[in-house]
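Working notes for the structure below.
Just so you know, all these numbers are worked out from the coordinates, no wet-lab data involved. Predicted model only: the values in this text are computed from it and were never measured. Cβ placement follows ideal geometry from the backbone for every residue including glycine, while neighbour counts extend to all protein chains displayed.
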Amino acid sequence: MSAPISKTGDKLLLRALRREKVERTPVWLMRQAGRYLSEYRAVRAQADGFLGMVRDPELAAEVTLQPIRRFGMDGAILFSDILLPLEALGMELRFDEGGPHLPKPVRTRADVEALRAVEPRQALDYVGRALGLVKRALPAHVTLLGFAGAPFTLASYAIEGGTSKSFLELRKLMYRDTATWELLLAKLADLTAAHLAYQAECGAEALVLFDTWAGTLTRADYRRYARPWTERVVRAVPAHVPLVLFAGQAEHLFEDQLALAPTGVAVDHRMELARAFDQAGGRVALQGNLDPGALLSSPEEVALRTRALLDSVAGRAGHVLNLGHGVLPPTDPECVAALVETARSARP
């Protein structure tokens, strides 16, 4: 039985997340604000680095609004970073051309116990102020999205001190000192839940929980060392605020994500979207999943691929068009425009 069309006048993206029948598929993109936009580069050239941008509510709001002005997406995701809560906990955080760097990683029980208690309304107040500025400036039909990093992914950065290919230090702590691991994950889960709730209070109408590195775990390890704390966050998010889960390269964890019963699950571009809909069986909305690399082609090719992806959904309720991951820096803005325009003109 098809879902009824909403009569509430709600925003398109929120209706799709509730799996209602919609007149067209809503679209927004992970990393839709970024270096591929000339207006972003102009702001960054005047800012005190990346952290200077995310800590400045006016700059963060401006960058968040840039892709909405240029392309007209249905969702505006706040320009911020998943690692800010680690800085709030007392960890030094730096960004350079190689990405994020935490010079003093957490690797012992004493390190974990030293992480200070945090109230997001105080330690991360600039995030709330940026949300307020965006909320006031957004077109009425656009949904404002907040986000946070999932406990496992935050732990990976805290322990490794940055990005990693092998996660050797993380695995040593995780396997050899389970009690310390669980204490760390509990602290991160509680802070993440509070951070998301704070964003909802400040105007975020939907939330995304990014578990970027969960896909590096086997299914058994995910269930043992990561899922309980993700579930702790999911259960703590205000019930009236839609929550989407994302895990990169995690097709083997798809059923586990469904079992957490979020509002939606983001599907990586390596997984066939039609099959994901079949497997989900209407339990959650699905977000995705055009390959970000396709945006390095031509506007014509992007339009063809976007139409094919939408056709594969076959009008099933609960689809939010997005990429399987984020917009790549070399992307031509005209290709992003082709994706958004194709979505806006298509009908289920």
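Okay, here's what the table says:
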item	result
Cα gyration tensor shape of region 169-273, rounded if a/c is under 1.5, else prolate or oblate by comparing a/b with b/c	oblate
Count of lysine pairs in the chain with Cα separation under 30 Å (8 or more residues apart, or interchain)	11
Placed amide H near Asp291: partners under 5 Å, 5+ positions off or other chain	Gly324
Mean-position separation - Cα centroids, region 329-348 and region 231-306, in angstrom	19
Approximate spin-label separation Glu182-Phe50, in nm, with each point projected 7 Å along Cα-to-Cβ	3.4
Value of [θ]222 nm, deg cm²/dmol, for the chain, DSSP H segments ≥ 4, -39500 (n - 2.57) each, nearest 500	-14000 deg cm²/dmol
Residue-span extension gain [Leu296 to Glu23] - 0.36 nm each, minus C-alpha spacing	95.4 nm
Cα long-axis angle, helix 125-137 against the chain (0 to 90 degrees, to the nearest 10)	10
GluC sites (Glu not before Pro) within region 1-106, DSSP loop, no more than 12 other Cβ atoms inside 10 Å	Glu23, Glu92, Glu97
Cα gyration tensor, region 1-121 - rounded (a/c under 1.5), prolate or oblate	oblate
From phi via Karplus (6.51, -1.76, 1.60), per-residue ³J(HN,Hα) for region 30-42 in Hz, x at Gly/Pro	5, 6, 6, 9, x, 5, 6, 9, 5, 5, 5, 4, 5
Cα long-axis angle, helix 333-345 against the chain (0 to 90 degrees, to the nearest 10)	60
In degrees, nearest ten, helix 227-236 long axis to first principal axis of the chain (Cα)	70
Residues with amide H under 5 Å from that of Ile77, placed H, sequence gap 5 or more	Leu145
Extension reserve of the Arg41-Arg219 stretch, reckoned as 0.36 nm per residue once the Cα distance is removed	60.1 nm
